[in-house]
Amino acid sequence: MTLEREELLRLGRELLDREERGIRSLEPLLESAAFSEAVQLLHLCRGRVLVSGVGKSGIVASRIAASLRSTMTPAIFLHPTEAAHGDLGIMAEGDVALLLSRNGESAELLALLPLLQRLRIDLIAVTARAESRLAQAARVSLVVGPFEEAGPLTVIPTTSLTVFEVLGDLLMTAVYRRRGVTEADLAWLHPGGVIGRNVTLRVEEVMHAGRALPVVGEDASLTEAIVAMMEKKLGMTTVVDAAGRLTGVLTDGDLRRVIHRHERIDALRAGQVMTRQPRTIDRDALLAAAVERMENNPGGPITALVVVDATGAPAGVIHLHDCLRLSAAGASGHR
């Protein structure tokens, strides 16, 4: 390993360590009354959540506002500079302000305080300094840290931005959980995206069932299994015992491994070479959950899941290609 690579590795590990410590510093805040009160204010907000920050904190603030909007919390990013040139008029009684500033002394944010107070807008401050003017003026002060910025140039915000991002996710998640927002609810907010098209679809609406379901017995020959796979065109077949219960699957990959390992395959049976304990899914599971299970399979991505009924018998197969075709069809219809 060259000196440059060693230095890059050392620097990378140092950055990861500092950012991890920064995120872990949020744990005491989660247990605090301040965090619970902040969630309550956002949850009960009668108007909009105004999120703001200066510089790179402003970029994070904009992302937090977008995440809140996408999970059914009316939120907007208020640019602090534009606020001083007319955008203050967007504020109204009943709003909640969420202001981000590491040092809590950003002049642009402090300039907003008189109007927030006059309109009786509750302020949630996110800062690393409890003694700052922003924190002191807030109804709820979420004090993060202590943490160290990662990298040799500590004036460049790194860890602090990561902490702000994670805290924003924590607030967003807590609020939509408290509101009882479901994936089906999100379909109304994402009509033109993958969420809107597929979030309400369930496995049973897409799975191959009945005559389209490939099934062979454990005692079936490999020739019979290959025929079933070719006829149903799913690249696999389910394998069942004498009672019709699922005991495994036989895939194209299994067949390739068999051919490499055995000189003669004519005497082999499906039950001898099948993959046991295949991944399964319930018929009423969301299509998105099926895709996630296939992509995040512990042994590596797979392309199909078996749907079993109450008796343990295969009721259908959901294939990744069908899910991708649905997404592609939906995308072409929303151009």
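The values are calculated or read from the model by the stated rules, or taken from the named source; none is laboratory data. Nothing here was measured: the structure is a model prediction, and the numbers come from that model. Glycine also receives a Cβ, built like all others from the backbone with ideal geometry; neighbour counts cover every protein chain displayed.
Within segment 217-242, residues that are within 23 Å of ASP309 (Cβ to Cβ) and polar (S, T, N, Q) have Cβ atoms under 8 Å from residues that are at pLDDT 95 or above and surrounded by fewer than 18 Cβ atoms within 10 Å (Cβ to Cβ) in these pairs: THR237/VAL215; THR238/VAL215, counting only partners at least 6 apart in sequence or on another chain.
Flag set for ILE59, criterion: surrounded by fewer than 18 Cβ atoms within 10 Å (Cβ to Cβ) and among the hydrophobic types (A, V, I, L, M, F, W, C). Scanning segment 19-76 for residues that are in contact with a Gly (Cβ under 6 Å, 6 or more places away or on another chain) and under 27 Å from LEU88 (Cβ atoms) gives ARG46, GLY47, ALA61, ILE64.
For the condition within 26 Å of ARG211 (Cα to Cα), in the same structural domain as THR223 (by TED's automatic domain parsing) and at pLDDT below 80, what is the one hit in LEU250, LEU326? Give the derivation first.
Working: LEU250 fails: at pLDDT below 80.
Selected residue: LEU326, the only one of LEU250, LEU326 that is within 26 Å of ARG211 (Cα to Cα), in the same structural domain as THR223 (by TED's automatic domain parsing) and at pLDDT below 80.
Restricting attention to segment 233-258, the residues that are in a loop (DSSP other than H, G, I, E, B) and farther than 17 Å from MET207 by Cα total 5.
A single member of SER141, SER160 is at pLDDT 95 or above and either of a type in the set (S, T, N, Q) or touching a strand residue (DSSP E or B) at 6+ places or on another chain (Cβ under 7 Å) (or both), and it is SER141. Scanning segment 267-288 for residues that are of a type in the set (A, V, I, L, M) and in contact (Cβ under 8 Å) with a residue 24 or more places away in the chain turns up LEU268, ALA270, VAL273, MET274, ILE281, ALA285, LEU286, LEU287, ALA288.
If I filter segment 9-24 for residues that are touching a Lys or Arg at 6+ places or on another chain (Cβ under 7 Å) and either assigned by TED's automatic domain parsing to the domain that holds GLU149 or at pLDDT 95 or above (or both), do I get at least one hit? Scanning segment 9-24, I find no residue that is touching a Lys or Arg at 6+ places or on another chain (Cβ under 7 Å) and either assigned by TED's automatic domain parsing to the domain that holds GLU149 or at pLDDT 95 or above (or both), so the answer is no. For segment 130-147, filtered to residues that are of a type in the set (Gly, Ala, Ser) and under 16 Å from SER36 (Cβ atoms), the residue that is farthest from the chain's Cα centre (by Cα) is ALA138. Answer with yes or no whether VAL291 is modelled with pLDDT of 85 or more, in the same structural domain as LEU320 (by TED's automatic domain parsing) and either buried (at least 18 other Cβ atoms within 10 Å of the Cβ) or within 30 Å of ARG69 (Cβ to Cβ) (or both). The answer is no for VAL291. Scanning segment 259-288 for residues that are at pLDDT below 85 and part of a helix (DSSP H, G or I) yields ILE259, HIS260, ARG261, LEU287, ALA288. Check whether at least one residue in segment 49-56 is in a helix (DSSP H, G or I), on the phi < 0 side of the Ramachandran plot and surrounded by fewer than 19 Cβ atoms within 10 Å (Cβ to Cβ), and report yes or no. Looking through segment 49-56, at least one residue is in a helix (DSSP H, G or I), on the phi < 0 side of the Ramachandran plot and surrounded by fewer than 19 Cβ atoms within 10 Å (Cβ to Cβ). Do we find that ALA135 is out of contact with any helix residue (DSSP H, G or I) (no Cβ under 8 Å at 6 or more places or on another chain), crowded, with 17+ Cβ neighbours inside 10 Å and modelled with pLDDT of 90 or more in this structure? It is true that ALA135 is out of contact with any helix residue (DSSP H, G or I) (no Cβ under 8 Å at 6 or more places or on another chain), crowded, with 17+ Cβ neighbours inside 10 Å and modelled with pLDDT of 90 or more.
Residues being part of a loop (DSSP other than H, G, I, E, B), touching a residue at least 12 places away in the same chain (Cβ under 8 Å) and out of contact with any Asp or Glu (no Cβ under 8 Å at 6 or more places or on another chain): count how many of those fall in segment 23-45. Break it down into steps so the answer makes sense when it comes.
Step one: list which residues in segment 23-45 are part of a loop (DSSP other than H, G, I, E, B), which gives 25-26, 31-32, 44-45.
Now narrow it down to the ones that are touching a residue at least 12 places away in the same chain (Cβ under 8 Å): 25-26, 45.
Remaining after also requiring out of contact with any Asp or Glu (no Cβ under 8 Å at 6 or more places or on another chain): 25-26.
Residues meeting the conditions: 2.
Considering only residues of segment 72-90 that are modelled with pLDDT of 75 or more and surrounded by fewer than 15 Cβ atoms within 10 Å (Cβ to Cβ), which is farthest from LEU109 (Cα to Cα)? Among those that are modelled with pLDDT of 75 or more and surrounded by fewer than 15 Cβ atoms within 10 Å (Cβ to Cβ), it is PRO74.
I'd like the full set of residues that are part of a loop (DSSP other than H, G, I, E, B) and more than 13 Å from LEU15 (Cα to Cα), limited to segment 142-159.
The first filter runs over segment 142-159 and keeps only residues part of a loop (DSSP other than H, G, I, E, B), leaving 144-158.
Selection gives VAL144, GLY145, PRO146, VAL155.
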